[in-house]
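Here's the structure, in structure tokens; my notes come after.
What follows is calculated from the coordinates using simple rules that are stated; it is not laboratory data. All values derive from a computational prediction rather than experimental measurement. Backbone-built Cβ (ideal geometry, glycine too); neighbour counts: all protein chains shown.
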Amino acid sequence: MLRIKLKSISIFLLICCFLGKAQTEQDLEGISDSLITNLQKFYSEPYETSEQTLSGLYKIHKNIDTYNIKEQVAIYLVLVDFQISEGLYDEAIQNSHISHNMAKENGFAYEAVLSDFHLALAFQQNYEYDKSFELFKSLAELINDSNYEYLAILSEIEMALFYERIGKYRDALDIKLKIVKTKGDFLKNRWNPVYHRQFLDMSNLYNELGIKDSTLFYRELYENNIDESTADGREHFLLLKNKANIDFKDGKFREAIDNYRIYSHWVVERFNEYDSPLLINKSKAHLALGEVDSALNNLNLIKSGPMFLKEQKYISPDFYKLYIDIYQERGEEDLRKEYEQKYYKTLETYNSFKFNTLDNLYDIDKQRIQIENANAANDYRSTLNYLWIALGSIVMCFIGFVLWKQKREKKKFDALMQRTENKTPLSAPLEPSTNTTEIKDEKVEALINQIRELQVQGFFLKQKTTLYNTAKKLKTNTSYLSTIINTHLGTTFSAFVNDIRIDYIINELKTNKQLRSYSVKAIAEEIGYKSADSFSKYFKQSTGLSPSTFIRNINKEG
């Protein structure tokens, strides 16, 4: 997996290691000014001379015993950084372990964590994804520790790359959005280009998800915020790749191929390696245009890469699927069968990492993992058999659920059929007023009798029934009426009216067969509701059943 290295980030990490925590003079103890100057000097070298720079570091490392322990850890960290940059991943892994152990044994907490970050990067570049992801995950958990906040954010960015790599675009996008939302200001202040590149990453992720508006929005946001004074010259090419991805998604394959070609040439010229996902897309575009030979050439470039033997363990199954399609198009049946076997083997490994390694780290449902792994590992016939078994289980579960639901609904329905028998909602005994303004019982009783009369007249079944209109009808004020209902009926005006309406319609539906044939909207309007949604909401809130379920059960009763 191509990871374009940000040397400016490395400079920042180095400064963090030596100076970033220098709240007191004690924090600088153990590192000589001359060594800091010499190590920082390596980062000022042009990229083309990095091999010479590495040679210079080896000379320092050769005499490492002449430095104190903290200085030795610093030398190892810088050496690992450049070894990763030069593709010497095995050496970088070994030296990261050394620097981590030395830092831990001597109580250099920050340097130990920084060693883990470099180790995770080396594992990632060496295609040891399971080890790399687990390390990045543990580092990301330090996000709320101010000592390691920046390293934790960078680790979360790397985790998002993993998710993007295995097609979990929504998970990758969630990480990016969280970083920008919760740590955006911090990241912007620490290193502006890293912050703004999250927008371009989000544009690519939205593009993969097929959300065009957001794709273009974040692309434009990135373009508008590029700071040429701090940019490192690659922005033009990153935008070119983004445009190629958008064209590819839109089916503009010729435009995508042209832009992919320019970007790929730049990558090879500058980093001396191929961007495999890019070449896979480019191959797909050629194949879509019927350019079979060109499609094959792009795949062969990936196979010719120096890291392919390691990369193929986690390469996208699309790589081999393209070979299958190409050889099928050419009528070369033997080669098609050969790559079909490789495809299924790769699919099994790829999904094993995708579902077992990553999801287990996040405690994702084990059953779903097993199902998806089984689907990936088996051929079409065994998959079909499995699906029949799964479908049978689902049907049985569904039948059980339906029977349970019907039993529960029946229980609620039986209770509901008894609910309105002899119910007189206005017959509650009068209680002494708890309001600061004493209300005489005689006056209260008279008002309640008036309310009862309005109920008998069907007043509360009309849409115009509001607290104001009711108070006006009773020739009183809203405050007084609300107090009576709250204090002596133990409810609010709204709940009081809803109870009357629901009790009324339950009785009506029980006795009026024609009413049961009405739509829910018509029934709602019949008792004063302006919408079917409001009626259904209050009915279910009050009874535990929807109106349609209640009617269906009444009809079953005959």
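Identify the chymotrypsin sites (Phe, Trp or Tyr not before Pro) of segment 252-282 meeting these criteria: DSSP loop state and at most 12 other C-beta atoms within 10 Å of the C-beta. Of the chymotrypsin sites (Phe, Trp or Tyr not before Pro), not one in the loops of segment 252-282 has a Cβ with at most 12 other Cβ atoms within 10 Å. The residues neighbouring Lys212, those whose beta-carbon lies less than 10 Å from its own, together hold a net charge of -1 under the Lys/Arg +1, Asp/Glu -1 convention. The phi-based Karplus calculation (6.51 cos²θ - 1.76 cosθ + 1.60; θ = phi - 60°) puts the 3J(HN,Hα) values of segment 502-518 at 5, 4, 5, 6, 4, 5, 5, 5, 5, 10, 10, 5, 5, 4, 5, 7, 6 Hz, whole numbers, x for Gly and Pro. log₁₀ I(q)/I(0) of segment 441-557 at q = 0.11, 0.12, 0.13 Å⁻¹, via Debye over equal Cα point scatterers, no solvent, to two decimals? Ignoring solvent entirely, the Cα scatterers give -0.40, -0.47, -0.54.
Near the amide H of Glu291, within less than 5 Å, lie no amide hydrogens of residues on another chain or at least 5 residues away, with H placed in the peptide plane.
Round to the nearest 0.05 the FRET efficiency obtained for Phe186 and Phe271 when R0 = 30 Å and r is the Cβ-Cβ distance. Intermediate values should be presented prior to the final figure.
On the way: r = 29 Å, r/R0 = 0.97.
The calculated FRET efficiency here is 0.55.
Here the Karplus relation 6.51 cos²θ - 1.76 cosθ + 1.60, evaluated at θ = phi - 60°, turns the backbone of segment 127-136 into coupling constants of 6, 9, 5, 4, 5, 5, 5, 5, 5, 4 Hz, with x for every Gly and Pro.
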